[in-house]
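Notes follow the structure.
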Amino acid sequence: MDTTTALQLCRFLHDASLMLLWGACAYLALFVPKALADSVWRMSARPFFIAAVIAALTALAALPIMTANIGNGWSDALDAGMVHDVLFETTVGVAWQAQAFAAMVMVGAFLLPEGKRRYGLALGAGLGLASLSLTGHASMLEGWMRQAHRANDILHVLTGGGWLGALLPLIPILRLLGRPECRAEARIALRRFSNAGHVAVALVILSGIVNTLLILKRLPTDWSSPYQMLLAIKIALVAIMAVLAIVNRYVFVPWIGRKPERALLALRLGSIAEIVIGIVVIGLVAVFGMLEPV
């Protein structure tokens, strides 16, 4: 495997694990009633742990892979001088330091009492996502434009991760909606997800448009450019996700009172479809984020 492909794969695994952790844990911590959040956490603790491990390991692996990619190949991956120069004299090195700190916060979260772990994971994953703005196309700008672009990047990844990741705990919550002892809290969690989801989807779309205009100064209509082609595919997939979210909210949710079994099944399948599409979007970004934006 060449260094560019290895770095794209590392970015995909790292970013996907961060976005899923951030959205899932932030939703459980901030929008789900505590008793229900505790139940869902116990049901999902192992996947959360695996995602945190993936995020930490890919953060660790990223430094030698980036060094090899910047240098002359795999022979430079563990060269102490090259690693030192990348770590302390480049923007990707500064970003890696922030990623390493975020990974330590996530790992440290598992030392907290069980009821507090989701807060620690949300904090660590959120910091990790925010630090992604330190690299990328925003670095090509100067002054206040660079800072504005980075702020928009942070808004984009946090709202996108919040939307995507929250779908993970929503699936067991939809199952618990059928249990009388959980129904009241599950309805509260579903209503809060819907309210927050409207805001998240709107901000994802708005910040995505701003990002495109900041980078390209126009819409990605030149499909002879690999960057613009992949960006256009990403936009189309996000649009499909938004349509699925609208259908879930305004078609299937009202069915719950009339056809509960069919409605809940449709909502679960729709949520799974959104998650799959969202993961594909993250994969696309991991690839075209390293391409020249032309």
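Taking 17 Å as the straight-line reach from the Cα of residue 234, the aspartates and glutamates in range (excluding those fewer than 8 positions away in the same chain) are 15, 153, 222, 274, 292.
What Kirkwood Rh does the stretch 1-159 have if only Cα atoms enter the pairwise 1/r average? Answer in Å.
Values: mean 1/r = 0.0606 Å⁻¹.
16.5 Å is the Kirkwood radius here.
Rg and Dmax of the stretch 237-294, both derived from C-alpha coordinates alone, stand at 15.3, 52 Å. Working note: Cα gyration tensor of the stretch 82-151, eigenvalues times five, square-rooted, sorted largest first, giving semi-axes of 28, 16, 6 Å.
What's the exposure ranking of 39, 75, going from fewest to most Cβ atoms within 10 Å?
Details: 39 19, 75 10.
Going from sparsest to densest Cβ surroundings: 75, 39.
Remark: 144, 163 ranked as 144, 163, counting other beta-carbon atoms within 10 Å and listing the fewest first.
Seen from a random direction on average, the alpha-carbon convex hull of the stretch 24-66 projects onto 3.4 square nanometres. Partner lysines whose Cα lies under 23 Å from the Cα of residue 116, excluding those fewer than 8 positions away in the same chain, are identified as 34. Evaluating 6.51 cos²θ - 1.76 cosθ + 1.60 at θ = phi - 60° for every residue in the stretch 283-291, the Karplus couplings come out as x, 4, 5, 4, 7, 6, x, 9, 8 Hz, glycine and proline recorded as x.
Can you check what the net charge comes to around residue 283, using other residues whose Cβ is under 11 Å from the Cβ of residue 283 (Lys, Arg +1; Asp, Glu -1)? Show your work: numbers first, answer last.
Values: positive: 11, 234; negative: 15.
Net charge in that neighbourhood comes out at +1.
Calculated over the chain, the projected area of the Cα convex hull averaged across directions stands at 16.0 nm².
The stretch 68-101 and the stretch 254-294 have Cα centres lying 34 Å from one another. Phi angles across the stretch 146-159 convert, under the Karplus curve 6.51 cos²θ - 1.76 cosθ + 1.60 with θ = phi - 60°, into 3J(HN,Hα) values of 4, 5, 5, 5, 5, 4, 5, 4, 4, 4, 5, 6, 6, 6 Hz, Gly and Pro given as x.
Annotation: the residues 290, 19, sorted from fewest to most other C-beta atoms within 10 Å of their own C-beta, follow the order 290, 19. Can you find, among 173, 66, 162, the residue farthest towards the positive end of the dipole of the chain? Put +1 on the C-beta of Lys and Arg, -1 on that of Asp and Glu. So the residue furthest toward the plus end is 173.
Read-outs: derived from the displayed coordinates by stated rules, not from any lab. This one's a predicted model, so the numbers in the text were calculated from it and none came from an experiment. Because the Cβ atoms are built from the backbone with ideal geometry, glycine has one as well, and the counts that use them run over all protein chains shown.
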